[in-house]
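Down below is the structure, laid out as structure tokens.
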């Protein structure tokens, strides 16, 4: 009896194969290299089979963004759960280091997330969960009176709507915790982005050391040091 033919890959498996093949294209030539027909040839499927999962190039890029952000979100959430509010200062320091590690591990993927095609923006529902552990750490530090910023924020109606969006995802937190997170992320993103695209001139210090220098300065600027905390080395 001749063997049965292998069953076709499950739809979710094929969708993942398409994403992996797209990542391979991006690793070589950036997002400009994404070509749906070339993906079909690589996977031995027709272009309409790809369109079934990703109707166009923009949909494929959005799926790539979601996939990579979900990976980073899981890593950061697990790290925060390990530290928790009782170790919020150490946890914030660890989150910042983990963010860089996630970003530079696959720099082309980070660029897809934060430097997509012109006109394509990042929806809040995608990026806020990634930053949720930073919000939790900031809120814990605020409640422990370790946050140096004590000024109350006056929100415009637009700001109130933005805060409501954050709170719908991360829970009931103070506006100061969200603002602190945005400031911290902007500093991290600026340095990590410069490392990835090599926009900052080399001056004899490796990027990991430069990041630690900036991170320690940031932690001293934003938060008071709790007793017996030795994370800033």
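Axis of helix 175-197 versus longest Cα principal axis of the chain: the two differ by about 60°, to the nearest ten degrees.
Note on residue 77/residue 198: beta-carbon distance plugged into 1/(1 + (r/R0)^6) with R0 of 30 Å gives a FRET efficiency of 0.50. Placing dummy labels 7 Å off each Cα toward the beta-carbon, the span from residue 13 to residue 27 is 2.1 nm. log₁₀ I(q)/I(0) of the chain at q = 0.10 Å⁻¹, via Debye over equal Cα point scatterers, no solvent, to two decimals? For the chain, the Cα-only Debye profile gives -0.57. Helices in the chain, meaning DSSP H runs of at least 4 residues, each add -39500 (n - 2.57). Divided by all residues, the mean residue ellipticity at 222 nm is -23000 deg cm²/dmol. Mean-square fluctuations from a GNM of the chain, with a 10 angstrom spring cutoff on Cα atoms, peak among 123, 201, 55 at 201. For residue 182 and residue 56, the FRET efficiency from 1/(1 + (r/R0)^6), where r spans their Cβ atoms and R0 equals 45 Å, is about 0.90. Between 186, 152, 58, the residue with the greatest mean-square fluctuation in the GNM of the chain (Cα pairs under 10 Å linked by springs) is 152.
Label zone (residue 46, point 7 Å along Cα-to-C-beta; backbone nitrogen cut-off 17 Å) within region 14-38: 36-38.
Values quoted throughout were computed directly from the atomic coordinates according to the rules given, and no laboratory measurement underlies them. Because the structure is a prediction, the values reported are computed rather than measured. All Cβ positions, glycine included, derive from the backbone under ideal geometry; neighbour counts span all protein chains shown.
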